[in-house]
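Some notes on the structure that comes next.
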Amino acid sequence: MTIVAILLALGAAIAWSLETVLAKPGLRRMDMFSYAAIRPLFALLFVVPFGLWTSGFQFPGWRLVVIAAIAGVIDSFVGSMLFYFSVKRVSAHEASSLANTAPFWGVVASVCILGERLQPVLFVAAFFVVLGAFFLVNRRDNESAVRLSWNALPALGAGILWGVVETVPAKYCLTNGMSVGTFQLILIVSSGVAWGAAALIRSRRTPLHFPRRGVMIAFVTAFLGYALAWVLWLSGVKLVPASLLSPVRGSMTLFTFLFSVILLREHPSRRSALGALLVLCGVLLVSILGSA
């Protein structure tokens, strides 16, 4: 069961990695609010049929609904806004590296808030992932290092929010009877309402813009990030302690590194290659020893 959960988490990491890499050209063609506001609408095209096909959408009680809704706003609205701000100003692998410190915060939150058993190997694995993420940030000189620290700082904030939300509220809601489809639907609707309101306010000053290529990228990333990745992640979280899968989520850094080179033709340094190796070590560590 543990191996299955780890494979599900790895699949989610791959899907989220593709989403974050494709966000770069998407935001190049559309403004942040136009891009983000239509993605929840596209995601519903996948999530609603999935929920109806599996367990359906049950009402689990207002307390769990409120928790899931708050999780959606924090994760997919506030966290995504911070990440989009960074990825427009620095390279995809740089912003994603800092955002992918999420595994560390996920492990800490799972132990401190959910009361899951403390396994030292999980903190060691998370340390490797976080250290690798910082090595992956490509600093060329002092001037660019100062500029990068300011532009990439919101991505670190996104990592903190993503790490906490993707473990604590998700595990809590699923453990207390909420289905994967219901949690995902509430998350999408709540973040969609938040992005829609923000886009309407923004449109009073700047008209929303929906070019064809940008809309196509938004459609693809909605499927990858909102639909596929969350289904795989929540299915894995339902099987094992969330703290076990948090470091596996850190493999996003490695996949983002590879996809940014292949798809965006970015040119990471040797320092970045070392970072990718450290991330891989962290994922292997939790995959082998964490399930022992």
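Every number in this text was worked out from the coordinates using simple rules, so none of it is lab data. Small disclaimer: the values here were computed from a predicted structure and weren't measured. Cβ: placed from backbone, ideal geometry, glycine included. Neighbour counts: every protein chain shown.
Straight-line cross-link reach from LYS171 at under 28 Å between alpha-carbon atoms covers these lysines, not counting any fewer than eight positions away in the same chain: LYS238. A simple spin-label model places pseudo-atoms 7 Å from Cα toward Cβ; at LEU258 and PHE123 they are separated by 3.1 nm. Comparing LEU224, LEU98, LEU208 in a Gaussian network model of the chain, where Cα atoms under 10 Å apart are tied by springs, the biggest mean-square fluctuation is seen for LEU208. Based on the reciprocal of the average 1/r between different C-alpha atoms, the Kirkwood radius for the chain equals 18.8 Å.
Pull out a ≥ b ≥ c, the square roots of the eigenvalues of the alpha-carbon gyration tensor of region 199-243, then state rounded if a/c is under 1.5, prolate if not and a/b is larger than b/c, and oblate in the remaining case. Here region 199-243 falls in the oblate category. Does region 224-274 classify as rounded, prolate or oblate by the C-alpha gyration tensor (a ≥ b ≥ c root eigenvalues; a/c under 1.5 gives rounded; else a/b over b/c gives prolate, otherwise oblate)? Cα axes put region 224-274 in the oblate bin. Phi angles of region 27-44 translate, via the Karplus equation with coefficients 6.51, -1.76, 1.60 and θ = phi - 60°, into HN-Hα couplings of 6, 6, 9, 10, 6, 4, 6, 5, 4, 6, 6, 8, 5, x, 5, 5, 4, 4 Hz per residue; Gly and Pro are given as x. Comparing THR167, PHE210, ILE3 along the charge dipole axis of the chain, the residue lying farthest to the positive side is PHE210, per the Cβ-charge model.
A simple packing score, the average count of other Cβ atoms within 10 Å per residue, orders the peptides 122-130, 28-36 as 122-130, 28-36, with the highest score first.
The simple Förster model, with R0 at 35 Å and r as the Cβ-Cβ distance, assigns LEU41 and ARG89 a FRET efficiency of 0.85.
For region 2-288, with the dipole built from +1 on Lys and Arg beta-carbon atoms and -1 on Asp and Glu ones, taken about the Cα centre, which of LEU187, LEU153, VAL107 lies farthest toward the positive end? About the Cα centre, the residue reaching furthest to the positive side is LEU153. Evaluate the distance, in nm, between pseudo-label points positioned 7 Å from the Cα of PHE59 and of LEU239 along their respective Cα→Cβ axes. Rounded to a tenth, the inter-label distance reads 3.3 nm. Among VAL279, VAL220, VAL4, the order by Cβ neighbours within 10 angstrom, fewest to most, reads VAL4, VAL220, VAL279.
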